[in-house]
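The values are calculated or read from the model by the stated rules, or taken from the named source; none is laboratory data. Computed from a prediction, not measured in an experiment: that's the story for all the values here. Cβ coordinates were reconstructed from backbone atoms using ideal geometry, including for glycine residues, and neighbour counts include every protein chain displayed. Heads up: the accessible areas ignore ligands, DNA and RNA and are worked out on the full protein's heavy atoms, side chains in. Shrake-Rupley method; radii C 1.70, N 1.55, O 1.52, S 1.80 Å.
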Number of protein chains: 2
Amino acid sequence: MNGAESLLTTLTNSGIEVCFTNPGTSEMHFVAALDEVEGMRCVLCLFEGVISGAADGYARMARKPASTLLHLGPGLGNALANVHNAKKGCVPMVNIVGDHATYHLEYDAPLTSDIEGIAGPVSHWVHTSSAPEHIARDAAEAIRQAGAHSIATLMLPADVSWGENPAGAEPVVRIPAPQSVPAQRVAEAVARLRSGSNCMIMIGGGTEVSLERGHKASQIAQACDAQLCTDVFPTRVARGAGTAVIERLPYLAEMAVDRLKDVEQMILIGAKAPVSFFAYPNVMSAISPAGCEHFVLAQNEEDIDQALGALIEALGAGVNTPQVHKLNVCDVPTGSLDANTAAMAIAHYLPDDAVIVDEAITSGIAVAPMTATARRHDWLNQTGGSIGWGLSAGVGAAIACPERKVICLEGDGSAMYTIQSLWTMAREELDVTVVIFNNRKYSILELEFARTGARGGIPGPNAASMLDIGKPDMDFVAMAQGMGVSATRATTAEEFAAQFKEAMQSRGPRLIDAHVPSLSG
Amino acid sequence: MNGAESLLTTLTNSGIEVCFTNPGTSEMHFVAALDEVEGMRCVLCLFEGVISGAADGYARMARKPASTLLHLGPGLGNALANVHNAKKGCVPMVNIVGDHATYHLEYDAPLTSDIEGIAGPVSHWVHTSSAPEHIARDAAEAIRQAGAHSIATLMLPADVSWGENPAGAEPVVRIPAPQSVPAQRVAEAVARLRSGSNCMIMIGGGTEVSLERGHKASQIAQACDAQLCTDVFPTRVARGAGTAVIERLPYLAEMAVDRLKDVEQMILIGAKAPVSFFAYPNVMSAISPAGCEHFVLAQNEEDIDQALGALIEALGAGVNTPQVHKLNVCDVPTGSLDANTAAMAIAHYLPDDAVIVDEAITSGIAVAPMTATARRHDWLNQTGGSIGWGLSAGVGAAIACPERKVICLEGDGSAMYTIQSLWTMAREELDVTVVIFNNRKYSILELEFARTGARGGIPGPNAASMLDIGKPDMDFVAMAQGMGVSATRATTAEEFAAQFKEAMQSRGPRLIDAHVPSLSG
């Protein structure tokens, strides 16, 4: 087999069976190998930002990495923002980046670039395979690194791809099990939780807050009368009826500071000590009150389930019944359409076992509280702050879970970064409903402008024009139809509810262009 | 003034009066400063790939850099592919990248990343401003570096932006003049050109082939009976009636090798020794024949006009009349619409002084020869091979030259990388006509698949599906209208000619979705 076939076989041997790609000339032997090696589903995307976002959404739902296939440094550059998001969310990803043949690099052809240099800042592990007989071993190491950390980026020069590799492929790669949390640390957590201080358990970060983990955390919190919270943007959270009642730290630093002002002890599970998303003049970066102690029970890469189990055991918390949400579905909204009435319709019609991908920024704020008692679902957050993740993550989530309804909540501004995702949804006939909260503004920036205190918090006309994306208005129905996705526009709560209901009751990609007012009206 | 105002004033003092941007929270003080400092036109783009491509197109036409304003590492990542293209084309660009406040970085907030690390591979100069009182000096250095080399990337931490800078702004920055080519090198070129060898003068690369330079090169070539050629993708070339007859090296290495097989001496002006764009099994990377000598008369950063003048003087070539194209406008096409008939209509109706931005890949091949004798125009090439440049470069070219008609020739595949460009065309009411050669294929990759010899050159069904972007078909009329751009579809030569004629005779953004067959039919 050649290097490309060796690579593909090594990936599929280890259960990496999806590759999101937009290949170029240097990747043609990899593409050719798709007809020689069985077991890889290759998903074509029209832009590399879709690829890395899809790989992120896939890995969160499949609980294993996808691979990407990218075209040299610029292709990796296009993917970079969503690789950043995945890295911040500790989501595993195996990036394969095609490069020129090794002997071609010295000629500095137009597409020659320092690919390792571009990859470094967003990768935990970077390596260039130097010969066809190394590619299987290198791919195996990439799989291990992605499993143990998050982002592994492997460069595949064209001659490594097309050269013969008599050694063949690697067998299944064993990902090292996460390290157990030592008893000493569990004992220390117990001591702090029983110290009589005002305690908060914070879970989340790059750690999935699954149904079971939420239940365990609830049992622990009850056993020691601690508060229970996730950070602002945990990677994946089980929500709705039957899931544990877990508060979410507010995004606005001012509100988060107020929320935490009495906390004396914070026990961190996967999550990190909370910090302000951005810096603002005269606002502290660290959000916990002065004197609050932070104790890391388990880091994201450690064995979270073992840590929770050991803590339950040590506290005798197993006797407690987790505090869970009861199903309480809100009414169908009527009247004007805004973020609240849209949230009501979403909460009302949300089907069992849906996946919500949230990048609706300001308009999405209402949806999370409204769906807390809706039917059971998973919620994926934007973990790295790099806009343009939601639609593409929806692609990946739908490919990982073809039997579940995926709902992308998107701002109009954020949707436009990777709008090409719609085409892949249509091409792969994915069961995704996209809700565009179309308020014709970078509404979050109107808020942030005020918070930074720039120009006394009031944008002048030039500044205001940079926050206004309503000139011209964008017609997402037309754009979606242009990429093969059925779409409708909603301007009242009744229209939105009817359209969302129909989307939940049918299958396939669908977009609702929901015209809502911005925060500033 | 604060740091942001100091920065803005320094930029405008030196004639940098356009900023392409998509700002975020960390850039709000820069945005606020737009209402305090006069003279900067800030152009909002919905995605950073549009920003860097527009800055490239602007600088090529304005012959001076634009600035970009980008949002932290991910914003720079999104811009990276078109920064790469500009770097390869030696196009000047001043990138301002907002970052967290300096004291906020240690908290590793979600958007924290190694911005210098990301910037390095695509920049000639990278610097992080560390205090408000340094920002003017740092901006001045960025302007100098962009002028002397190409890509300058300056990080602007939020606290440097909002902090007071009592020192104010820098006065106009003096760009060092390009170095003269020494007489010794000119004499050596003369000796080679008069050696009796089979000589070729190659001009281009990152060097604009202006009307005047083309004429001079033609005089020189006649004086010593040399062939005259540009490389495959020179940054900017004056073409059409009255411009010098200059051949263009073919893209396909096989054809280029054949074209050059008898050349013994190559005199390089701006251009580099020709190399194959990609590597292929059993194809040489260097294209010139074995034994061909390459002599660099002038590098791109040197004084090209002085070098040409000195060579004319030394050769006594001033007596020669440049060989120029006579106006010869082809007929209006009829019948079926394909790349050739579309090219005929474009050549027929091309107005005086148009700017053609070419990223039509395979479909564009016919347009260049057909327009060689059309009305006088400038032609911009894709210099770095990173797809997604054309529409955004069209935005920048139109802003640099509001009185000239800009025509973007785009493939359907390449258009989708920065399709958001259409919205900025509508918002700024730019006089751009976009022609989408919609063949429902990555047609170039069908060709390249065969050239790499993968799987005997014949894609299997899985590989073929990765080259096929017609499932679903994309409707560019709908997408353009969704972003506020008037659009029509053409399926016959008559329809295309009528629509293109109308576009040339009116002003404002316009898209024609030209349905053409792919290379493979």
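Just how far, in whole angstrom, is the stretch A:39-74 from the stretch B:222-258 if you go by their alpha carbon centroids?
40
What FRET efficiency do you get for A:LYS261 and A:GLN179 if R0 is 35 Å and r is their Cβ-Cβ distance, rounded to the nearest 0.05? Could the numbers behind the result be given before it?
Details: r = 34 Å, r/R0 = 0.98.
E between A:LYS261 and A:GLN179, to the nearest 0.05, is 0.55.
At 7 angstrom along the Cα-to-beta-carbon line, where would the label on A:GLY456 sit relative to the other copies? Give the distances in nm, shortest first.
7.8
Taking the Cα of B:ARG507, stepping 7 Å toward and past its beta carbon, and measuring to each backbone N in the stretch B:386-403: which are under 11 Å?
Taking a point 7 Å out along Cα→Cβ of B:ARG507, the residues of the stretch B:386-403 whose backbone N falls under 11 Å are B:402-403.
Cut-off under 18 Å on the C-alpha distance; same-chain residues fewer than 8 positions from A:LYS216 excluded. Which lysines are left, in chain and number order?
Excluding near neighbours in sequence, the set is A:LYS326.
Using protein heavy atoms only (no ligands, DNA or RNA), what is the total accessible area buried between A and B, 1.4 Å probe, nearest 100 Å²? Don't jump to the answer; show the numbers that get you there.
On the way: alone 20540 and 20580 Å², together 33290 Å².
In total, chains A and B hide about 7800 Å² from solvent.
Determine the percent antiparallel among the DSSP beta bridges restricted to the protein assembly as shown, to the nearest 5.
Details: 18 of 153 bridges.
About 10 percent, rounded to the nearest 5.
Each residue of the stretch A:250-255 in order: what ³J(HN,Hα) in whole Hz does its phi give by Karplus 6.51 cos²θ - 1.76 cosθ + 1.60, θ = phi - 60°, with x for Gly and Pro?
So the Karplus estimates, Gly and Pro as x, are x, 5, 5, 4, 4, 6 Hz.
Out of the total accessible area of chain B (probe 1.4 Å, heavy atoms of protein only), what percent is carbon and sulfur?
Values: 8420 of 16650 Å².
Of the solvent-accessible surface of chain B, carbon and sulfur hold 51 percent.
Would you kindly derive the ³J(HN,Hα) couplings of the stretch A:417-424 from the backbone phi angles with the Karplus curve 6.51 cos²θ - 1.76 cosθ + 1.60 (θ = phi - 60°), listing them in order in whole Hz, with x for Gly and Pro?
Along the stretch A:417-424, the couplings run 5, 10, 4, 4, 3, 4, 5, 5 Hz.
Starting from one equal scatterer on each C-alpha and no solvent at all, send me the Debye-based log10 I(q)/I(0) for the stretch A:183-319 at q = 0.15, 0.17 Å⁻¹, two decimals.
Ignoring solvent entirely, the Cα scatterers give -0.67, -0.86.
Using DSSP to define loop residues, name the GluC sites (Glu not before Pro) in the stretch B:329-437 whose beta-carbon has at most 10 other beta-carbon atoms within 10 Å.
Details: sites: B:GLU359, B:GLU403, B:GLU410, B:GLU428, B:GLU429; in loops: B:GLU403, B:GLU428, B:GLU429.
Counting only loop positions with at most 10 other Cβ atoms within 10 Å, the GluC sites (Glu not before Pro) in the stretch B:329-437 are B:GLU403.
Per residue, how big is the convex hull of chain A when only Cα atoms are used? Give it in Å³. Write out the running numbers ahead of the final one.
Numbers: hull volume 81.3 nm³, N = 521.
Cα convex hull per residue, to the nearest whole number: 156 Å³.
Please list, ordered by chain and number, the residues whose modelled amide H lies under 5 Å from the amide H of B:VAL245; skip anything fewer than 5 residues away on the same chain.
Amide H neighbours of B:VAL245: B:GLN323, B:VAL324, B:HIS325.
Once amide H atoms are built 1.01 Å from N in the peptide plane, which residues 5 or more positions from B:LEU337, or in another chain, come under 5 Å H to H?
B:ALA493
Report, in listed order, any pair from A:LYS272/A:LYS471; A:LYS64/B:LYS471; A:LYS87/A:LYS441; A:LYS88/A:LYS501 with a Cα-Cα distance greater than 31 Å.
Working: A:LYS272/A:LYS471 40 Å; A:LYS64/B:LYS471 28 Å; A:LYS87/A:LYS441 29 Å; A:LYS88/A:LYS501 34 Å.
Too far apart for the 31 Å limit: A:LYS272/A:LYS471; A:LYS88/A:LYS501.
Along the Cα→Cβ direction, 7 angstrom out, place labels at B:GLU313 and A:VAL324. What is the inter-label distance in nm?
It works out to 9.0 nm between the two label points.
Using a simple spin-label model with points 7 Å from Cα along the Cα→Cβ vector, what separation in nm is obtained for B:GLU301 and B:LEU105?
Calculated label separation equals 2.6 nm.
What is the stretch B:84-172 by shape, rounded, prolate or oblate, if you read a ≥ b ≥ c off the alpha carbon gyration tensor as root eigenvalues and call it rounded for a/c under 1.5, prolate for a/b larger than b/c, and oblate otherwise? Provide the component values of the computation, followed by the final result.
Values: a/c = 3.22, a/b = 1.20, b/c = 2.68.
In terms of gyration-tensor shape, oblate.
With no solvent and one point per C-alpha, what does the Debye sum give as log10 I(q)/I(0) for the stretch B:3-162 at q = 0.09, 0.18, 0.19, 0.21 Å⁻¹?
Calculated log10 I(q)/I(0) at the listed q: -0.23, -1.00, -1.13, -1.44.
Go through the stretch A:2-76 and name the trypsin sites (Lys or Arg not before Pro) that are in a DSSP coil and have 16 or fewer other Cβ atoms within 10 Å of their Cβ. Provide the component values of the computation, followed by the final result.
Values: sites: A:ARG41, A:ARG60, A:ARG63; in loops: A:ARG63.
Counting only loop positions with at most 16 other Cβ atoms within 10 Å, the trypsin sites (Lys or Arg not before Pro) in the stretch A:2-76 are A:ARG63.
Would you mind getting me the FRET efficiency between B:SER486 and A:ASP114? Use the beta-carbon distance for r and R0 = 41 Å, nearest 0.05. Don't skip to the answer; put the middle values down first.
Working: r = 42 Å, r/R0 = 1.02.
That gives a FRET efficiency of 0.45.
What span do the alpha-carbon atoms of the stretch A:162-218 cover on each of the three principal axes, reported in whole Å from largest to smallest?
66, 25, 18
Please work out whether the stretch B:239-386 counts as rounded, prolate or oblate from its C-alpha gyration tensor, where a ≥ b ≥ c are the square roots of the eigenvalues and a/c under 1.5 means rounded, while otherwise a/b larger than b/c means prolate and anything else oblate?
Working: a/c = 2.14, a/b = 1.24, b/c = 1.72.
Oblate, because a/c is 1.5 or more while a/b does not exceed b/c.
Taking 7 Å along the Cα-to-C-beta vector as the label spot, tell me the A:HIS149-A:ASP331 distance in nanometres, rounded to one decimal.
5.5
Shortest first and in nm with one decimal, please list how far the A:THR492 label point sits from its counterparts in the other copies (point 7 Å along Cα→Cβ).
4.5
Could you sort A:LEU7, B:LEU211 by their accessible area in this structure, using a 1.4 Å probe and putting the largest first?
Values: A:LEU7 0, B:LEU211 50 Å².
Largest to smallest exposure gives the sequence B:LEU211, A:LEU7.
For B:THR207, which sequence-distant residues (separation of 5 or more, or a different chain) have an amide H within less than 5 Å of its own amide H, given hydrogens modelled in the peptide plane?
Placed amide hydrogens put B:THR235 under 5 Å from B:THR207.
Using the Karplus curve 6.51 cos²θ - 1.76 cosθ + 1.60 with θ = phi - 60°, what ³J(HN,Hα) values do you get for each residue of the stretch A:382-396, in whole Hz, with x for Gly and Pro?
With the stated coefficients, the stretch A:382-396 comes to 6, 8, x, x, 8, 5, x, 9, x, 4, 6, 4, x, 4, x Hz.
What are the semi-axes of the equivalent ellipsoid of the stretch B:375-515, taken as the square roots of 5 times the eigenvalues of the Cα gyration tensor, listed largest first and rounded to whole Å? Don't jump to the answer; show the numbers that get you there.
On the way: eigenvalues 170, 56, 39 Å².
In descending order, the three semi-axes are 29, 17, 14 Å.
Considering every pair of different Cα atoms, what Kirkwood radius, in Å, is found for the protein assembly as shown?
Numbers: mean 1/r = 0.0337 Å⁻¹.
It is 29.7 Å.
Excluding ligands, DNA and RNA, what is the solvent-accessible area per residue of the stretch B:334-417 at a probe of 1.4 Å, expressed in Å²?
Details: 1820 Å² over 84 residues.
With all protein chains present, the stretch B:334-417 gives 22 Å² per residue.
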